[in-house]
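> Just passing along the structure, written as structure tokens.
The values are calculated or read from the model by the stated rules, or taken from the named source; none is laboratory data. As the structure is a prediction and not an experimental result, all values here were calculated from the model. Quick reminder, even Gly has a Cβ in these numbers, built from the backbone with ideal geometry, and neighbours come from all protein chains shown. Keep in mind that these areas ignore ligands, DNA and RNA; they rest on the heavy atoms of the full protein, side chains included. Shrake-Rupley method; radii C 1.70, N 1.55, O 1.52, S 1.80 Å.
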Amino acid sequence: LLFEFLGRSRAMDEDDEVKIEEIPREASSSAAEAEDAKEDEGEDKRRPVDRALDAIEEEKKNMTALEKLERAMLWKVEGNGFFKSGDQFKAADCYYHAIIFARDLTQNPQYYPDMKHTQDDRAKAKELCESVFTNLALVQLKYGTTMDPKMDGEERVKVLKEAAKSSSEALKLNPKNAKALFRRASATLALAKSEKSNEEAQKLCLEAKADLMQVIEADPQNREARAELGLLQAHLKQLKKEEREGEKKEFSFASTLSALAAKEKDVLPDKSVRKQIITDGDGGKWLNEDWMHWNAATKCVVHASFKLISGGSEGSESPVVSLSFILGDPEMHEGMTVAVKSMTKGEVAKFTFAQHRLSSNGSLAQLLPQAKAESSVWEITFQKFVTWDDMDKNGERLLKIQSEGYGAECAEELSEVFAHWRVFGPDGKLVHSSRYTVSLQEGTGMKQIEDEDKDAPSYIIGEGAWEPISTLCKCMKQGGVGELRLRHVPELPKAASDGNEDVQAKLSMMMNGGAKPGKAADLRHCVVKVELEKVVPPVVGPGDERWEGSTAVVQERFRGEQLIEQGNETAGVTRLRRVISWVDQLPSSEASSLGKEAAAARSSIGWVLVDRAAPILDSGSVSSDILKIAKMDLAEAEVHCAWLEANHASLAGTHLLRAKILVAQDDDFVAAHKQLLEAQRTDPDDKRVQEELRNVKIELRKLQERESRAKVVEIRDSLKRARTEGSEVLPLLNQLSEIRCSWETIMDTKIGVELKNCQDCSAEAKQLSLEILGRLKDESKEQRPMWES
């Protein structure tokens, strides 16, 4: 049946025009109705194309969705065969049939239940139609470009428009189809070359350029697209030249000079920004409005130079200032953003700005000359634009990987990287380089120069490596090159492996005009460029060929403890977790000898977790998410402590961790004090134990002071009642004589006043009161001022 159908389709008149269009269901009739029409009207006067289409629609009625897809695929395969053999007409005919069979299935089955197809059928149909439309566009493009523009002018234009239309149909199904974009661009450029109207031809060129730019952006190495872009730009340049020559002819010889100058135009309706072109740019459409959204994943950085011609504070022209900034950045004058958006790459133009269009006080705007007048005139050159990936979608960190590098994986946490890096200011000037060395030259004094032979400094990712270096190295492999544009640059690195990095960085800041060397506020809107020379992955454990046995475990724990002491607790805990994991992987004979190393690692991890969680648990103003994390930390610390008590109960670290948990969970300072005393007995030199014991003693004293204060207040009030009622005060005074309290408690409770009043009760009461007052006076000498003159 398939080949019989193919044979009938071949019988169609090849001279008839074949068009792709939706076949309305109302237009198709049943076979019986067609027979009745023939009997009533006699001979069928329909065109062969219409008869063929009706026959196809009739055939489709009895086919399932799967059968339609299979039939469409067969037509596509046959069309590909005809195209390879050079038969463009038969190839196009097959592609038309494939589309007719499959296109209905691209509809959503939710809204077209009568078609009885699934979402999977729909996806296959869309993929098939996209491919067929792209192939059809190629056939039409090849045929159209081989036609003689003079002999077949109208027909050629019609075919090229069909090629562009077929490409557009493919792009409706997949807007990122590079082949369809390229073929639509080629067809549009061919139409532009045939267009008699210069203005319309330029418009077509810009449309074609937009398509080609999308292709090149997706695949920068696409030579075919770049070659086509070169032809397009050459033709566009010629069109602009013809446009200027045409404008010149409209003026008399006397007004030629004035006619050559471009007229000033309003960029904004309120006339607050006016533009006069000095030199034309490439004329290409480059702006994507999505870039202007500050939460977009892609940002556009424009590079331009600015020169204040009039309206400045000194009344004279200012020097040229070159800057790069994110398009739409609020720290740049709004007027400058509007101006650049109206330009094309390479264009030079003169702009007149109203004062309110240059009102930003941002750091970028402050790099430009200050315009004081009501209106100011600027000359702006639009040099280039570059798109970046916005890592946080807020303009803070923009990423561009120029070369990913080679190797299996990117640098990871704990990898040792050897990398050279540079920092460039918003004006493109070099601020600092890891290759800098100081040179003392006669006559010029001290100068920094880049030494290309200087060894790259090394850093450990996650352990003190400068944040921009870590960020870029994690995105690259060995040999990679990448850039990070930062709104706020962190403080330049501290000492690297050679110990000189911090000195060189501060020297760079001073020599480049930094007011306060090394401070983050000095560097804004800068680009950090990293060249990753070498990546040494971290040792992964006993299975690593670099494994050094027990030495590796000891060194890893020492490094972890060292990081914790330096305040880098996150990195330290990561190292200590590796120690535990490594010991667990070792055979029992080896693991037993390293048991204390694993125990010490667990103790330190638990100590960090509790130390981190305790302030959060004590605070009453934290979010539920943060509180949940703190509780998880405390739970993990409890697991480590339980393991330690089961396996290494006598270690000082075990007692230390239990004491930390007791304080964090229940403020049980008494029990914690007992644990810490035991830890101190086991290891008297442990600094953490000493520090925690000191803190717990302070808290115990506070607790005791609160208890004694409460008792003193209670006795004071009881003494007052006893004196008033004439009761015996001696039992109360005896209780007070056994209480030890601070000078602050004595002063706050005014117990001394009550003791003096009790002296009138009896001789014994007087004697005891005087003894208590004397003791209190002696005990408080070190913590009170002199009592009386």
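> Taking 0.36 nm per residue of sequence separation and subtracting the Cα-Cα distance, how much length would be gained by fully extending the chain between Lys720 and Phe89, in nm to one decimal?
Roughly 215.3 nm would be gained on extension.
> While we're looking at this one, here's another question. For region 676-744, what is the Kirkwood hydrodynamic radius in Å, using each pair of distinct C-alpha atoms?
Result for region 676-744 stands at 14.7 Å.
> I've got another one for you. Once the Cα atoms of helix 31-41 and of the chain are each reduced to a long axis, what angle between those two axes, in degrees from 0 to 90 to the nearest 10, is obtained?
30
> Using the Cβ atoms and a cut-off under 15 Å, what net charge is assigned to the surroundings of Ala339, where Lys and Arg are +1 and Asp and Glu are -1? Don't skip to the answer; put the middle values down first.
Working: positive: Lys265, Lys271, Arg274, Lys275, Lys307, Lys341, Lys345, Lys350, Arg357; negative: Glu264, Asp266, Asp270, Asp329, Glu334, Glu347, Glu379.
Every neighbour counted, the sum reads +2.
> Here's something else I'd like to know. Taking only Cα atoms of region 138-189, what ratio of Rg to Rh do you get with Rh as the Kirkwood inverse-distance radius?
Looking at region 138-189, the ratio lands at 1.02.
> Here's something else I'd like to know. Residue by residue, what Karplus-based ³J(HN,Hα) values in Hz, rounded to whole numbers, does region 450-467 have, using 6.51, -1.76 and 1.60 with θ = phi - 60° and x for Gly and Pro?
Values per residue, Gly and Pro as x: 8, 9, 5, 8, 5, 5, 6, x, 10, 9, 9, 5, x, 10, x, 5, 4, 3 Hz.
> Principal axis extents for region 586-722, Cα atoms only, whole Å, descending order, please.
76, 40, 22
> Sticking with this structure for a sec: Report, in degrees rounded to the nearest 10, the 0 to 90 angle that the Cα long axis of helix 569-585 makes with the longest principal axis of the chain.
Between the helix axis and the principal axis of the chain, the angle is about 90 degrees.
> On a full-extension model of 0.36 nm per residue, what is the gain between Ser727 and Lys61, subtracting their alpha-carbon distance, rounded to one decimal in nm?
228.3 nm
> Okay, moving on. Quick check on the chain: helices-only [θ] at 222 nm, where DSSP H runs of length 4 and up contribute -39,500 (n - 2.57) each and the sum goes over total residues. Nearest 500, please.
-17000 deg cm²/dmol
> Which FRET efficiency, nearest 0.05, do Asp760 and Leu700 yield, Cβ-Cβ r, R0 41 Å? All intermediate terms of the calculation are to be shown ahead of the outcome.
Values: r = 38 Å, r/R0 = 0.93.
About 0.60, to the nearest 0.05.
> Provide the per-residue ³J(HN,Hα) series for region 402-417, in order, calculated from phi with Karplus coefficients 6.51, -1.76, 1.60 and θ = phi - 60°, each as a whole number of Hz, with x at glycine and proline positions.
Those phi angles translate into 7, 8, 5, x, 10, x, 6, 9, 6, 4, 10, 4, 6, 5, 8, 10 Hz.
> When only the heavy atoms of the protein chains count and the probe is 1.4 Å, how do Lys447, Lys596 rank by accessible area, highest first?
Solvent-accessible surface, decreasing: Lys596, Lys447.
> Where does region 339-421 land on Rg/Rh, using Cα atoms and the Kirkwood Rh?
Computed over Cα atoms, the ratio is 1.15.
> Could you report the accessible area of Ile309 in Å², rounded to 10, computed with a 1.4 Å probe on the protein chains as they sit in the structure?
Only protein atoms counted, so the area is about 40 Å².
> Want the number for Glu467 to Phe558: 0.36 nm per residue separation, take away the alpha-carbon distance, what's left?
The span from Glu467 to Phe558 would gain 30.4 nm if fully extended.
> Mind pulling the angle between the C-alpha long axis of helix 501-511 and the longest principal axis of the chain? Nearest 10 degrees, somewhere in 0 to 90.
70
> Limiting things to C-alpha atoms, what are the Rg and the maximum Cα-Cα separation (Dmax) for region 654-789, in angstroms?
Calculated on Cα positions, Rg and Dmax stand at 19.6, 58 Å.
> In debye, nearest 20, what is the charge dipole magnitude of the chain about its Cα centre with +1 on Lys and Arg Cβ and -1 on Asp and Glu Cβ, if you could check?
Values: 113 positive and 138 negative charges, 459 e Å.
Dipole magnitude for the chain comes out near 2200 debye.
> Here's another thing I want to ask about it. From the square roots a ≥ b ≥ c of the eigenvalues of the alpha-carbon gyration tensor of region 36-151, which class results: rounded (a/c under 1.5), prolate (a/b over b/c), or oblate?
oblate
> Any idea how far the Cα center of region 407-442 sits from the one of region 122-158, in Å?
52
> Keeping all protein chains in the complex and leaving out DNA, RNA and ligands, what accessible area do you get for Asp211 with a 1.4 Å probe, in Å² to the nearest 10?
Only protein atoms counted, so the area is about 10 Å².
> For the charge dipole of the chain, defined by +1 on Lys and Arg C-beta atoms and -1 on Asp and Glu C-beta atoms about the Cα centroid, which residue among Ser458, Gly144, Thr437 has the Cα displaced farthest towards the positive pole?
Result: Thr437.
> R0 = 60 Å: FRET efficiency of Gln110 with Glu771, Cβ-based, nearest 0.05? Let's see the in-between values first.
Numbers: r = 96 Å, r/R0 = 1.60.
My answer for the efficiency is 0.05.
> Let me ask something additional. Run the paramagnetic zone check for Glu242: 7 angstrom along Cα to Cβ, then residues of region 192-215 with backbone nitrogen under 15 Å.
192-206
> Follow-up. Considering only protein heavy atoms, what is the solvent-accessible area of Tyr406 at a probe of 1.4 Å, reported in Å² to the nearest 10?
About 140 Å², rounded to the nearest 10.
> Treat region 267-331 as a sphere of radius equal to its Kirkwood radius over Cα pairs and apply Stokes-Einstein at 25 °C in a medium of 0.890 mPa s; give the translational diffusion coefficient in µm²/s, rounded to a whole number.
Once the numbers are plugged in, D ends up at 166 µm²/s.
> Can you work out the Karplus-derived ³J(HN,Hα) for every residue in region 358-374? Use 6.51 cos²θ - 1.76 cosθ + 1.60 with θ = phi - 60°, whole Hz, and x for glycine or proline.
10, 10, 6, 10, x, 5, 5, 4, 6, 7, 8, x, 8, 8, 9, 6, 4
> What Kirkwood hydrodynamic radius, in Å, does the chain give when the mean of 1/r is taken over all pairs of distinct Cα atoms and then inverted? Before the final figure, lay out the partial values.
Working: mean 1/r = 0.0278 Å⁻¹.
It is 35.9 Å.
> Also: Pull up the cross-link candidates among the lysines for Lys687, meaning alpha carbon to alpha carbon under 22 Å and not fewer than 8 places away within one chain.
Candidates past the 8-residue exclusion: Lys596, Lys660, Lys674, Lys697.
> A further question on this structure: Using a Förster radius of 22 Å, what is the FRET efficiency between Gln566 and Asp685 based on their Cβ-Cβ separation? Nearest 0.05, please.
Result of the calculation: an efficiency of 0.65.
> Also, quick follow-up: Can you find, among Pro587, Ile564, Val536, the residue sitting farthest towards the positive end of the charge dipole of region 532-606, where Lys and Arg contribute +1 and Asp and Glu -1 at Cβ?
Final value for the positive-end residue is Ile564.
> Once you've got the Cα coordinates, tell me which of Lys209/Lys474; Lys196/Lys285; Lys203/Lys393; Lys116/Lys176; Lys271/Lys372 are over 24 Å apart.
The answer is Lys209/Lys474; Lys203/Lys393; Lys116/Lys176.
> Right, another one. So what is the relative contact order of the chain, in percent, for Cα pairs below 8 Å that sit 6 or more residues apart? Show your work: numbers first, answer last.
Working: 1165 pairs, mean separation 41.1, N = 789.
Once divided by the residue count of the chain, the mean separation gives 5 percent.
> A further question follows. Please report how far the C-alpha centroid of region 169-215 lies from that of region 601-671, rounded to the nearest whole angstrom.
A separation of 66 Å, based on Cα centres.
> Let me ask you something else. Which one of Leu69, Met747, Ile216 has its Cα pushed farthest toward the positive end of the charge dipole of the chain, where Lys and Arg give +1 and Asp and Glu give -1 at the Cβ?
Met747
> Of all the accessible heavy-atom surface of region 553-637, with the other protein chains kept in place and a 1.4 Å probe, what percent is carbon and sulfur?
Result for region 553-637: 52 percent of the exposed heavy-atom area is carbon or sulfur.
> Could I ask something else about it? Based solely on C-alpha atoms, express the radius of gyration and the Dmax of region 295-403 in angstrom.
Looking at region 295-403, its Cα Rg and Dmax stand at 14.4, 48 Å.
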